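Below is one structure, written out as structure tokens; comments come after it.
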């Protein structure tokens with residue numbers, strides 16, 4: 001064997017890679033760069049998920065407050081006119097909602113077509129009898145935790161419940 005052939009041969013343990021440490025250093029730098037680029041996106045997604053969860057929670061609270069108010073009011077025709085009692089029942093059900101606005105109104109219909117409301121009291125029911133429903137609407141404003149460009153700083157959480165008044 002000539003001296004020239006010995007210098008061209010590759011040692012068995014190296015398998016053609018001249019510097020394995022350089023390759024590992026490039027992979028570590030690439031990983032750091034990927035984390036640096038993705039961390040703000042992942043953080044924004046996490047904060048957005050938290051905000052959506054809060055919005056859903058407050059919307060459920062507003063609907064639950066409306067349901068509590070209507071449940072109080074449908075006990076009798078007299079209770080359906082007790083706006084103070086309806087408001088108290090709604091606000092007691094949703095203590096997390098500050099500045100909860102509660103409105104209530106009677107709706108009248110005929111028993112043979114209860115989905116079509118007519119003026120109260122329902123007088124001409126043609127074969128049916130008049131029935132009274134109570135509708136309670138709740139509204140509150142909720143502040144967002146973070147201010148996003150292009151989105152409002154507050155949103156409205158609304159609730160609505162309708163039930164037939166016991167007669």
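Every number here is computed from the coordinates shown, using simple stated rules; none is lab data. Since the model is a prediction, treat every value here as computed from it, not as a measurement.
Explain nothing, just the number: relative contact order of region 20-164, from Cα pairs under 8 Å at least 6 residues apart, as a whole percent.
Values: 225 pairs, mean separation 34.4, N = 145.
With pairs under 8 Å counted, the relative contact order is 24 percent.
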**Cα-derived Rg over Rh, computed across region 83-126 with Rh taken as Kirkwood radius** = 1.21
**Prompt:** Counting pairs of alpha carbon atoms under 8 Å apart in space and at least six apart in sequence, what relative contact order in percent does region 88-167 give?
**Reply:** 27
